[in-house]
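Notes to accompany the following structure.
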Amino acid sequence: MQLPTGLAWHAVDVCEANILRVTEAYVDSYAVGDIWLVQGSDLDVAVDAGSGIVPAGPLIEAISRKPVLCIALTCSYDHAGGWHSFQQRACHRLDESSLADPVEENTEIADYLTDDMFRALPSKGFNPASHQMIGAAATRIVDDGEIIDLGTRSLEVLHTPGRSSGGVCVWEAATATLFTGEMLYDGSHGPAWPPSDSGAYCQSLRRIRRLPAETVHAGHYGSFGRARMIELIESQLADLESR
């Protein structure tokens, strides 16, 4: 069956006050990550960047109407594929080289971005097998404990390796809100499980378990609350520690 083309690629939903969820509407959430736009008075932060099949930067910057800093929580294509399309780009120093030159990341795309993941195509003749992540240099390097000031709110960067050596989560203490990216989400991990660095991954899970988070905005499949966060962490720790 021929898939439709020319449809608006991204969907934008208001999750709560000044937090928007941007998704790629015609690709299975297993294969592409969620983007979370956190809006402040002086700066907006895009948490992750999607796959880049249709780069999200121009859309998000148009929505924001103010400077936008895109922070890559990991270097994988489904979360950082659109990173290059933002004018301001932040990452942890240990992921900097992979984001600038994503050779290894591009070898994994064909394992996830298969034809059956699509309900529509971004353009006529698009071939998922040919999609490649475009590298870009960071404009800002962030480290553990660093505070990103948005004006009326602030976000803290937490170094949480395990998926990638420079993996991070983003924590807003004032609202007890945690953005976990690839580190924790409520759905299938496919061949990405178990993670390659399970020791670091377990340490990162234990760290975020100690946070008094009430809302988790994850890298796939949307959001969940504290009870589900604890349940997922305990299940994953038990599985990894039994191996």
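What follows draws every value from the coordinates through simple rules; no lab data is involved. Nothing here was measured: the structure is a model prediction, and the numbers come from that model. Heads up, the Cβs are rebuilt from the backbone with ideal geometry, glycines too, and the neighbour counts pull from every protein chain shown.
Between Ala120, Ala138, Ala227, which gets the highest mean-square fluctuation from a Gaussian network model of the chain, Cα cutoff 10 Å?
Looking only at Ala120, Ala138, Ala227, the biggest GNM fluctuation is shown by Ala227.
Evaluate E = 1/(1 + (r/R0)^6) for Arg228 and Gln2, where r is the Cβ-Cβ distance and R0 equals 35 Å; express this FRET efficiency to the nearest 0.05. Show your work: numbers first, answer last.
Working: r = 39 Å, r/R0 = 1.11.
It comes to 0.35.
So between Ile147 and Tyr30, what do we pick up on full extension, going 0.36 nm a residue minus the alpha carbon distance? Don't jump to the answer; show the numbers that get you there.
Values: separation 117, 0.36 × 117 = 42.12 nm, distance 3.04 nm.
39.1 nm is the gain from fully extending Ile147 to Tyr30.
Test of understanding: ordering Thr114, Thr74, Thr177 by Cβ neighbours within 10 Å, fewest first, what list do you get?
On the way: Thr114 13, Thr74 30, Thr177 22.
Least to most surrounded, the residues fall as Thr114, Thr177, Thr74.
Take the Cα of Ala192, step 7 Å along the line toward its Cβ, and report every residue of region 215-234 whose backbone nitrogen sits under 11 Å from that point.
From region 215-234, the list is 219-221.
When all C-alpha to C-alpha distances in region 124-243 are sorted into bins of 5 Å, what percent of pairs does each bin hold, rounded to whole numbers?
Result, from short to long distances: 2, 10, 18, 21, 19, 13, 9, 5, 2, 0 percent.
For region 47-155, state which trypsin sites (Lys or Arg not before Pro) are in a DSSP loop and have at most 12 other beta carbons lying within 10 Å of their beta carbon. Let's see the in-between values first.
Working: sites: Arg65, Arg89, Arg93, Arg119, Lys124, Arg140, Arg153; in loops: Arg65, Arg119, Lys124, Arg153.
Passing sites in region 47-155 are Arg65, Arg119, Lys124.
Give, in nm to one decimal, the length gained when the segment between Asp111 and Leu211 is fully stretched (0.36 nm per residue of separation minus the Cα-Cα distance).
Details: separation 100, 0.36 × 100 = 36.00 nm, distance 3.36 nm.
That works out to 32.6 nm of additional length.
What whole-number distance in Å separates the alpha-carbon centres of region 40-85 and region 204-243?
Centre-to-centre distance over Cα atoms comes out at 24 Å.
Give me the tail of P(r) for the chain as a percent: Cα-Cα pairs with distance above 33 Å.
Values: 3470 of 29403 pairs.
That tail contains 12 percent of the Cα-Cα pairs.
Roughly how big is the chain's charge dipole about its Cα centre, with Cβ charges of +1 (Lys, Arg) and -1 (Asp, Glu), in debye to the nearest 20? Before the final figure, lay out each step's value.
Values: 17 positive and 33 negative charges, 76 e Å.
So the magnitude is around 360 debye.
Can you show me the helix-derived [θ] at 222 nm for the chain, built from DSSP H runs with n ≥ 4 at -39,500 (n - 2.57) apiece and divided by the number of residues, rounded to the nearest 500. Walk me through the numbers before you get to the answer.
Details: 7 runs with 53 residues, N = 243.
Mean residue ellipticity, 222 nm, calculated: -5500 deg cm²/dmol.
In region 10-241, what percentage of the DSSP-assigned beta bridges are antiparallel, given to the nearest 5? Walk me through the numbers before you get to the answer.
Details: 28 of 42 bridges.
Counting only bridges with both partners in region 10-241, antiparallel ones make up about 65 percent.
Across 10 Å bins from the origin, how do the percents of Cα pairs in region 1-141 run, short distances first?
13, 44, 33, 10, 0
Could you work out the relative contact order of the chain, using alpha carbon pairs under 8 angstrom and six or more residues apart, expressed as a whole percent? Present the calculation step by step, with values, prior to reporting the outcome.
Numbers: 540 pairs, mean separation 42.0, N = 243.
That works out to 17 percent.
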